[in-house]
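Below is one structure, written out as structure tokens; the observations come after it.
The values are calculated or read from the model by the stated rules, or taken from the named source; none is laboratory data. Since this is a predicted model, take the numbers as computed values, not measurements. Glycine gets a Cβ as well: all are built from the backbone with ideal geometry, and neighbour counts include every protein chain shown.
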Amino acid sequence: MTKQQARIYRTRTDLQAAIAAEREKGSKIGFVPTMGALHDGHISLVEKAGEKSECVVASIFVNPTQFAPGEDLDRYPRNEEGDVARLSAAGCDLVYCPSVEEMYPDGSLTNVRVEEMSDLLDGIHRPHFFYGVATVVARLFIHVKPDVAVFGEKDYQQLQIIRRMVRDLGFGIEIIGGSTWRDADGLAQSSRNAYLSEGERETANAISSALHRAACRLHLGRPVSEVLAEARAFILAAGFTKLDYVSAVDPVTLQDLEEGPLAEGQECRLLAAAWLGTTRLIDNIGV
Ligand code: PAF
């Protein structure tokens with residue numbers, strides 16, 4: 001049976017009317033926010049939302065407030081037609097494609113800041129980023145009012161910040177993390193992988209190899225400081241041109257762990273960000 005084409009809405013008013021009709025039928029609403037340029041990882045999030053709700057809404061919005069001047073806002077890949085076809089095939093019912101004016105009405109002054117957690121790790125290198133993300137996700141939540149929302153673990157810091165925002169502001173939305181999708185050589189799928197040249201693509205999996213190796217070494221009881229130093233050296237030796245960080249943090253607070261070996265049963269998340277030429281890649285794994 002061919003799947004129905006998802007219905008596209010461009011204004012909050014039209015979207016909310018469609019969602020109200022779904023709620024009338026008794027449907028629970030699942031939501032997957034995206035910036036488009038969808039890959040298999042996004043599709044798995046849509047499928048996960050479908051397991052949790054009768055009506056799945058996805059948004060496609062390249063959010064200008066999470067890009068600093070000089071970042072890749074203008075060249076960020078856009079393919080609405082292809083994205084809607086993939087979303088429809090994955091069982092998405094409604095697609096929200098708002099304009100910048102719809103998300104940020106003229107004269108908007110209100111932003112959301114999840115303090116502390118937004119100023120660590122990626123926040124050190126992209127100070128504007130998580131404030132833009134929290135602001136747009138809060139606005140999308142207010143437009144969609146979902147019961148459940150699914151975010152990829154690939155953007156682990158983002159996922160934890162959104163969990164915290166939902167808790168602090170009492171949104172009453174269940175936040176679910178979806179596993180990172182990887183190519184056969186381990187490279188985490190990302191819309192930005194499209195920027196990599198053939199040679200860079202061959203090097204790119206070193207970041208996930210370094211993290212897996214580091215996770216094994218931590219399991220073996222090696223000190224955190226030693227394991228992180230090895231991982232940093234491995235990524236740079238593989239050909240990455242610049243390293244922003246490799247860190248071992250508490251999975252919930254994102255605070256750096258002590259330098260010694262992990263305590264028995266201690267949870268840890270390893271995160272890394274590094275550059276291949278002009279492309280910045282991030283990855284993370286649980287230990
Ligand atoms: O992860 C993303 O694609 C974006 O940061 C999000 C959550 C859609 C907000 O613009």
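Data overview
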{"item": "Pairs with Cβ under 9 Å, 6+ apart, first in segment 61-78 and within 12 Å of residue 35 (Cα to Cα) and in contact (Cβ under 8 Å) with a residue 40 or more places away in the chain, second among the polar types (S, T, N, Q) and away from the ligand (no atom under 14 Å from the Cβ)", "result": "61/99"}
{"item": "Flag if residue 75 is at pLDDT below 95, more than 12 Å from the ligand (Cβ to nearest atom) and surrounded by fewer than 18 Cβ atoms within 10 Å (Cβ to Cβ)", "result": "yes"}
{"item": "Helices (runs of 4 or more DSSP H) contained entirely in segment 130-225, each with at least 1 residues that are within 16 Å of the ligand (Cβ to nearest atom)", "result": "156-169"}
{"item": "Only listed residue being touching a Lys or Arg at 6+ places or on another chain (Cβ under 9 Å) and in a helix (DSSP H, G or I), chosen from 248, 237, 231, 274", "result": "231"}
{"item": "Residue in segment 203-216 that is touching a Phe, Trp or Tyr at 6+ places or on another chain (Cβ under 9 Å), without any contact (Cβ under 8 Å) to a residue 60 or more places away in the chain and over 14 Å from residue 286 (Cα atoms) present", "result": "yes"}
{"item": "Count of residues meeting criterion [within 16 Å of the ligand (Cβ to nearest atom) and either buried (at least 21 other Cβ atoms within 10 Å of the Cβ) or assigned to a helix (DSSP H, G or I) (or both)] in segment 35-66", "result": "20"}
{"item": "Output for segment 86-135, where each listed residue is hydrophobic (A, V, I, L, M, F, W, C), surrounded by 15 or more Cβ atoms within 10 Å (Cβ to Cβ) and closer than 24 Å to residue 37 by Cα", "result": "87, 90, 92, 94, 95, 97, 103, 129, 130, 133, 134"}
{"item": "Residues (assigned to a helix (DSSP H, G or I) and surrounded by fewer than 18 Cβ atoms within 10 Å (Cβ to Cβ)) located in segment 1-17", "result": "13, 14, 16, 17"}
{"item": "Every residue from segment 62-72 that is more than 16 Å from the chain's Cα centre (by Cα) and at negative phi", "result": "68, 69, 71, 72"}
